[in-house]
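**Student:** Sharing a structure, written as structure tokens. Questions coming.
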Amino acid sequence: MALYKAILTRNLPKVLTNQSRLLSLVPGEPEGPSVKTSSVPGPKSQQLIKELEKIQQAGSVSLFADYDKSIGNYMVDVDDNVFLDVFSQIASIPVGYNHPGVLKLLSDPHNVRTIANRPALGVMPGADWPEKLKSVLLSVAPPGHNQVTTMMCGSCSNENAYKMMFMNYMKKKRGGDDFSKAEMDSCMINMPPGAPKLSILSFRGAFHGRTLGVLSTTHSKAIHKLDVPAFDWPIAHFPQYKYPLEEFKRENQQEDEKCLAEVEELIEKYSTIAPVAGITIEPIQSEGGDNEASPEFFQKLQKIAKKHGCGYLIDEVQTGCGSTGKMWCHEHFNLESPPDIVTFSKKMQLGGFFHSSDFMVKGAYRIFNTWLGDPGKIVILQGVVEAIKRDNLLKQVEETGKVLRSGLSSLEKKYPQHINSLRGRGTFLAFNAPTPAQRDKIVGNMKQEGVIIAGCGDLAVRLRPALVFQPHHAEIFLGKLEKVLSQF
Ligand SMILES: Cc1ncc(COP(=O)(O)O)c(C=O)c1O
């Protein structure tokens with residue numbers, strides 16, 4: 001309690017007036033962004049970047065933050081610049097910085113010990129682990145799911161989910177869980193039948209992580225893949241829609257059909273090379289440029305997966321935890337049955353996946369690692385889930401999303417030479433610039449105005465605010481964007 005009070009009373013820049021403070025879901029927010037240094041990163045950040053560069057590759061570091069001073073939707077950097085954060089640490093901060101509910105839970109002595117004594121969860125979990133899984137994680141599970149495996153990050157969640165799809169495929173093929181001697185011997189030297197030739201079908205533009213296995217299903221940027229051996233697995237085209245959607249219904253439907261036909265062709269083709277054990281897909285391709293596909297596309301893809309006995313994995317690492325207005329983006333798709341596997345990480349604080357009970361792997365240690373997640377992160381997630389439920393944050397996302405969408409749509413009409421193709425759901429929105437250089441300029445100039453947004457794909461600007469981003473924050477963002485666009 002004392003800890004979070006101290007943070008809230010810290011020397012913050014000008015805070016909100018009494019009236020607007022009432023409006024803010026996280027108390028103590030400043031009244032707006034303010035950039036004091038002539039360029040960002042400022043001198044203190046630049047100094048720290050130089051220091052870091054001496055000991056590690058720091059080319060991706062854009063500034064150093066002061067997490068004691070940051071609050072709600074505002075990130076304060078070491079040069080005392082105050083930013084409205086519309087990117088929230090690569091879409092991973094769910095309820096803003098220093099949320100009082102989260103800090104309160106973290107100051108509870110039992111929870112402090114939970115953090116201090118990180119167990120090997122697959123071997124000696126604490127007594128409250130099953131209850132915590134049920135009351136926190138499963139309380140926000142996608143409809144139809146009641147089995148969960150926890151992991152460390154998005155990539156390792158997908159890695160282990162792919163393993164689960166392979167294991168399930170082979171279990172069905174061999175008609176049970178008993179392995180032959182030939183399988184046991186051959187897997188030790190990476191040969192079939194124990195290490196079978198199987199594949200995961202993925203989509204161009206997808207991002208499922210950077211570790212060795214999932215990297216074969218990541219296709220968003222060459223820089224992520226260069227020099228690393230990859231599996232020859234099937235890669236289908238993801239629909240590329242024309243905007244506005246209402247004007248291009250027929251063309252976009254044809255695009256869906258073309259991509260779905262390719263999926264079936266690839267499944268047939270690979271049946272003799274490396275049969276497709278699973279299909280992996282993001283509900284909105286995020287790193288690859290915020291490419292969306294229709295609910296019908298996802299429904300038909302599920303039918304194809306069932307027809308060919310492939311697992312159907314929806315990767316909700318970036319889209320999960322509320323920012324599309326539903327806890328899980330695939331809930332917008334009205335699928336005929338739950339996806340076999342739904343992976344998560346980022347805003348959920350720890351990685352993992354929900355899966356159908358058919359996919360449960362018999363035998364210990366097949367899906368396993370030392371930590372298998374972290375009960376300390378479940379404490380944070382508990383605060384997040386409580387805030388989502390208490391403050392009705394999914395409704396909040398919908399309302400703020402409407403303000404953002406209508407403001408962006410007006411800007412798109414006013415500045416069609418600078419922005420186009422507005423898309424997305426809830427506050428998980430994006431628009432395109434005409435060229436990569438112009439996109440980077442929008443992102444850079446917005447930062448100088450005190451607003452953090454980010455690019456994805458070649459042309460897109462993506463918005464990833466926290467769930468506590470409210471209409472008054474949206475107005476500030478829109479005002480700054482208008483200023484930047486009008487100066488081009
Ligand atoms: C859809 C998706 N899957 C997987 C990952 C990988 O997650 P991580 O960076 O935690 O390994 C990301 C990360 O951006 C992602 O957006």
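Computed from the coordinates by the stated procedures, all read-outs in this text should not be read as laboratory data. Given the structure is predicted, the values throughout are model-derived calculations rather than measurements. Here the Cβ positions follow ideal geometry from the backbone for every residue, glycine too, while neighbour counts run over all protein chains shown.
**Student:** Based on the Cα gyration tensor of the stretch 20-76, what are the three equivalent ellipsoid semi-axes, each the root of five times an eigenvalue, rounded to whole Å and given largest first?
**Tutor:** Ellipsoid semi-axes (Å, largest first): 29, 12, 8.
**Student:** Using a basic spin-label model with each label point 7 Å from the Cα along Cα→Cβ, how many nm lie between Gln47 and Ile115?
**Tutor:** Reported label-point gap for Gln47 and Ile115 is 2.8 nm.
**Student:** Thr211 to Ser410: FRET efficiency via 1/(1 + (r/R0)^6), r the Cβ-Cβ distance, R0 30 Å, to the nearest 0.05?
**Tutor:** Step by step, r from the Cβ atoms, then E = 0.10.
**Student:** Can you find, among Ile281, Asn252, Thr343, the residue sitting farthest towards the positive end of the charge dipole of the stretch 118-388, where Lys and Arg contribute +1 and Asp and Glu -1 at Cβ?
**Tutor:** Thr343
**Student:** Based on the Cβ-Cβ distance of Arg204 and Ser107, what FRET efficiency does E = 1/(1 + (r/R0)^6) give at R0 = 35 Å, to the nearest 0.05? Intermediate results must be reported in sequence, preceding the final value.
**Tutor:** Values: r = 47 Å, r/R0 = 1.34.
Calculated transfer efficiency: 0.15.
**Student:** So which GluC sites (Glu not before Pro) in the stretch 253-337 are both in a DSSP loop and have at most 15 other Cβ atoms within 10 Å of their Cβ?
**Tutor:** Counting only loop positions with at most 15 other Cβ atoms within 10 Å, the GluC sites (Glu not before Pro) in the stretch 253-337 are Glu336.
**Student:** Taking a quarter of the surface of the Cα convex hull of the stretch 367-417, what do you get in nm²? Spell out each step's value before the answer.
**Tutor:** Details: hull surface 27.5 nm².
With the hull built on Cα positions only, its mean projection is 6.9 nm².
**Student:** Out of every Cα pair in the chain, what percent are spaced more than 33 Å from each other?
**Tutor:** Values: 48133 of 118828 pairs.
Roughly 41 percent, rounded to a whole number.
**Student:** In degrees between 0 and 90, to the nearest 10, how far off the longest principal axis of the chain does helix 295-307 point, with axes built from Cα atoms?
**Tutor:** Orientation of helix 295-307: about 20 degrees from the principal axis.
**Student:** Run the quick spin-label model on Ala127 and Glu247: label points 7 Å from Cα toward the beta carbon, then report their separation in nm to one decimal.
**Tutor:** 6.5 nm
**Student:** While we're looking at this one, here's another question. State whether the stretch 19-122 is rounded, prolate or oblate according to the following rule on the C-alpha gyration tensor (a ≥ b ≥ c being the square roots of its eigenvalues): a/c under 1.5 gives rounded; otherwise a/b larger than b/c gives prolate, and the remaining case gives oblate. Mind showing how you got there, number by number?
**Tutor:** Working: a/c = 2.46, a/b = 1.16, b/c = 2.12.
It comes out oblate by the Cα gyration axes.
**Student:** What is the distance in Å between the Cα centres of the stretch 305-356 and the stretch 392-458?
**Tutor:** 25 Å
**Student:** Further question: Given Gly194, Trp233, Ala222, which one lies farthest toward the positive end of the charge dipole of the stretch 118-388, if we put +1 on the Cβ of every Lys and Arg and -1 on the Cβ of every Asp and Glu?
**Tutor:** Farthest towards the positive pole: Gly194.
**Student:** Where does helix 154-174 land angle-wise versus the long Cα axis of the chain, in degrees 0 to 90, nearest 10?
**Tutor:** Value to nearest ten degrees: 20.
**Student:** Would you mind calculating the relative contact order of the stretch 118-388 from Cα pairs under 8 angstrom and at least 6 residues apart, reporting the percent as a whole number?
**Tutor:** Numbers: 467 pairs, mean separation 78.6, N = 271.
Relative contact order of the stretch 118-388: 29 percent.
**Student:** Here's another thing I want to ask about it. Quick check for me: using +1 on Lys/Arg Cβ and -1 on Asp/Glu Cβ, what's the dipole size of the stretch 118-388 about its Cα centre, in debye to the nearest 20? Please report the intermediate quantities before stating the final value.
**Tutor:** On the way: 29 positive and 32 negative charges, 132 e Å.
It comes to approximately 640 debye.
**Student:** Now a separate question. Lys and Arg at +1, Asp and Glu at -1: add these up for the other residues within a Cβ distance under 11 Å of Asn73 and post the number.
**Tutor:** Working: positive: none; negative: Glu29, Asp85.
Net charge in that neighbourhood comes out at -2.
**Student:** Then there is this: Which chymotrypsin sites (Phe, Trp or Tyr not before Pro) does the stretch 58-157 hold that lie in a coil by DSSP with at most 14 other beta carbons within 10 Å?
**Tutor:** Values: sites: Phe64, Tyr67, Tyr74, Phe83, Phe87, Tyr97; in loops: Phe64, Tyr67, Phe87.
Those that pass, being in a loop and sparsely packed, are Tyr67.
**Student:** Something else about it: Over the alpha-carbon set of the stretch 118-388, divide Rg by the Kirkwood Rh and report the Rg/Rh ratio to two decimals. If you can, show how the numbers build up before the last one.
**Tutor:** Working: Rg = 18.6 Å, Rh = 19.3 Å.
Ratio of gyration radius to Kirkwood radius for the stretch 118-388: 0.96.
**Student:** Now for a different question. To the nearest 10 degrees, how steeply does helix 249-270 sit against the main Cα axis of the chain, on a 0 to 90 scale?
**Tutor:** Taking Cα atoms only, the helix is inclined about 40 degrees.
**Student:** Once the Cα gyration tensor of the stretch 424-470 is found, what semi-axes does its equivalent ellipsoid get, as square roots of 5 times the eigenvalues, in whole Å, sorted largest first? Walk me through the intermediate numbers first.
**Tutor:** Numbers: eigenvalues 71, 40, 7 Å².
Over the Cα atoms of the stretch 424-470, the ellipsoid semi-axes are 19, 14, 6 Å.
**Student:** Given a cut-off of under 8 Å on Cα pairs at least six residues apart, what relative contact order in percent is computed for the chain? Before the final figure, lay out the partial values.
**Tutor:** Working: 915 pairs, mean separation 97.4, N = 488.
Answer for the chain is 20 percent.
**Student:** Okay, which of the stretch 123-165 sit inside 19 Å, backbone N to the point 7 Å along the Cα-Cβ direction of Asn369?
**Tutor:** 123-125, 148-165
**Student:** Computed FRET efficiency, Cβ-Cβ of Lys163 and Glu336, R0 22 Å: what is it to the nearest 0.05? Please list the in-between numbers first.
**Tutor:** On the way: r = 26 Å, r/R0 = 1.18.
The value I calculate is 0.25.
**Student:** If you don't mind, another one. Mark the label point 7 Å from the Cα of Ala182 along Cα→Cβ and return the residues of the stretch 349-393 whose backbone N is within less than 15 Å of it.
**Tutor:** Correct set: none at all.
**Student:** Would you mind counting up the charge near Lys402? Only other residues with Cβ under 14 Å from its Cβ, with Lys and Arg at +1 and Asp and Glu at -1.
**Tutor:** Here the charged neighbours net out to 0.
**Student:** Separate question: Excluding Lys269 itself, calculate the net charge of residues whose Cβ lies under 15 Å from the Cβ of Lys269, where each Lys or Arg counts +1 and each Asp or Glu counts -1. Before the final figure, lay out the partial values.
**Tutor:** Values: positive: Lys197; negative: Asp232, Glu262, Glu264, Glu265, Glu268.
Within the 15 Å Cβ shell, the charges total -4.
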